[in-house]
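The values are calculated or read from the model by the stated rules, or taken from the named source; none is laboratory data. No experiment lies behind these values; they were computed from the predicted model shown. Neighbour counts are summed over all protein chains in view; Cβ atoms, including those assigned to glycine, are modelled from backbone coordinates with ideal geometry. Protein only, heavy atoms only, side chains kept; ligands, DNA and RNA dropped before computing areas. Shrake-Rupley method; radii C 1.70, N 1.55, O 1.52, S 1.80 Å.
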Amino acid sequence: MSTIFNNLEKVKTNLPKGVTLVAVSKTKPVSTLMEAYEAGQRVFGENKIQEMVGKWEEMPEDIEWHMIGHVQTNKVKYMASFVSLIHAVDSFKLLKEINKQAAKHDRIIKCLLQVKIAQEDSKFGMSAEDTEVLLSSDDLNDLQHIEIVGLMGMATFTDDQEQLAQEFGYLKTTFDRLQQKYTQLTVLSMGMSGDYPLAISHGSNMVRVGSAIFGARNYS
Ligand SMILES: *Cc1c(COP(=O)(O)O)cnc(C)c1O
């Protein structure tokens, strides 16, 4: 049995029913993704649009491709025909462009709004307040080709369990509050290799796990 098969099995034993595993395959070659595919994995996450397009072209059609990285407006068109879920939407302008490109393919593209939960400055995302303002905007009614189905967050890159718990807890509280008013919100995407069990204990139902499945990434 391959290492990837074993890693996947191990991660899956930690996932309660109802938690979706996004296998984050960025920087990894198609041959490596195919090992996960052969092991039954069908949901893959990438953070660069061009890289995702290349893999989509080469790989089987029954894969769900998730864009988990920051999205530049001018690149939405390359993935609009096939992307299943865009995790990191952080502006109305981006939603508008996704809507426009989805319309060209007669699709409705599902999106998550990225809420900023980390202390670090470098992380993208909106404040909880801005997220609420966006959700309440009348202008959203004009966007018939997008569907906002949940929230996504990235915690601080730290081993400090208390801080992580606080950040995940904050996102879950925000999610619960907004869900009361916006019942279409069903997905809460939080948790990565180092912290997904903690994220799940704080209510995550979609985890984005890369290195725990595919091993460390080599960016050189
Ligand atoms: C790379 C990445 C992940 C996965 O990170 P690992 O620590 O390898 O599990 C999850 N979410 C986002 C947004 C990422 O860019």
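A few points about this structure:
- Which numbered condition Pro16 misses (of (1) open to solvent by 40 Å² or more (accessible area, probe 1.4 Å); (2) in a helix (DSSP H, G or I)): (2)
- Per this entry, Met192 is counted among residues that are under 19 Å from Val43 (Cα atoms), in contact (Cβ under 8 Å) with a residue 60 or more places away in the chain, within 15 Å of the ligand (Cβ to nearest atom) and open to solvent by 60 Å² or more (accessible area, probe 1.4 Å).
- Condition check for Met152: open to solvent by less than 50 Å² (accessible area, probe 1.4 Å) and more than 13 Å from the ligand (Cβ to nearest atom): no
- Considering residues of the stretch 200-213 that are touching a Leu at 6+ places or on another chain (Cβ under 8 Å) and outside any loop (DSSP other than H, G, I, E, B) only, the residue farthest from Gly45 (Cα to Cα): Ile200
- Identity of the residue in the stretch 65-95, touching a residue at least 40 places away in the same chain (Cβ under 8 Å) and within 12 Å of the ligand (Cβ to nearest atom), that ends up surrounded by the fewest Cβ atoms within 10 Å (Cβ to Cβ): His70
- Some residue of the stretch 166-189 being in contact (Cβ under 8 Å) with a residue 40 or more places away in the chain and within 13 Å of the ligand (Cβ to nearest atom): yes
- Qualifying residue in the stretch 101-112 (condition: of a type outside the set (D, E, K, R), touching a residue at least 60 places away in the same chain (Cβ under 8 Å), crowded, with 19+ Cβ neighbours inside 10 Å and over 17 Å from Lys26 (Cβ atoms)): yes
- Any chance Val22 is of a type in the set (A, V, I, L, M, F, W, C), within 18 Å of Gly215 (Cα to Cα) and modelled with pLDDT of 95 or more: yes
- Listed by first and then second residue, the pairs linking a residue in the stretch 40-54 that is in contact (Cβ under 8 Å) with a residue 60 or more places away in the chain to a residue that is of a type in the set (Phe, Trp, Tyr), with Cβ atoms under 9 Å apart and 6 or more places separating them unless they lie on different chains, are Gly45/Trp65.
- The condition of being within 16 Å of the ligand (Cβ to nearest atom), modelled with pLDDT of 95 or more, part of a helix (DSSP H, G or I) and surrounded by fewer than 20 Cβ atoms within 10 Å (Cβ to Cβ) does not hold for Leu140.
- Selection status of Leu135, within 16 Å of the ligand (Cβ to nearest atom), open to solvent by less than 50 Å² (accessible area, probe 1.4 Å) and under 22 Å from Gly69 (Cα atoms): no
- Going through (1) within 19 Å of the chain's Cα centre (by Cα); (2) open to solvent by 40 Å² or more (accessible area, probe 1.4 Å); (3) of a type in the set (A, V, I, L, M) one by one, Ala118 falls short only on (2).
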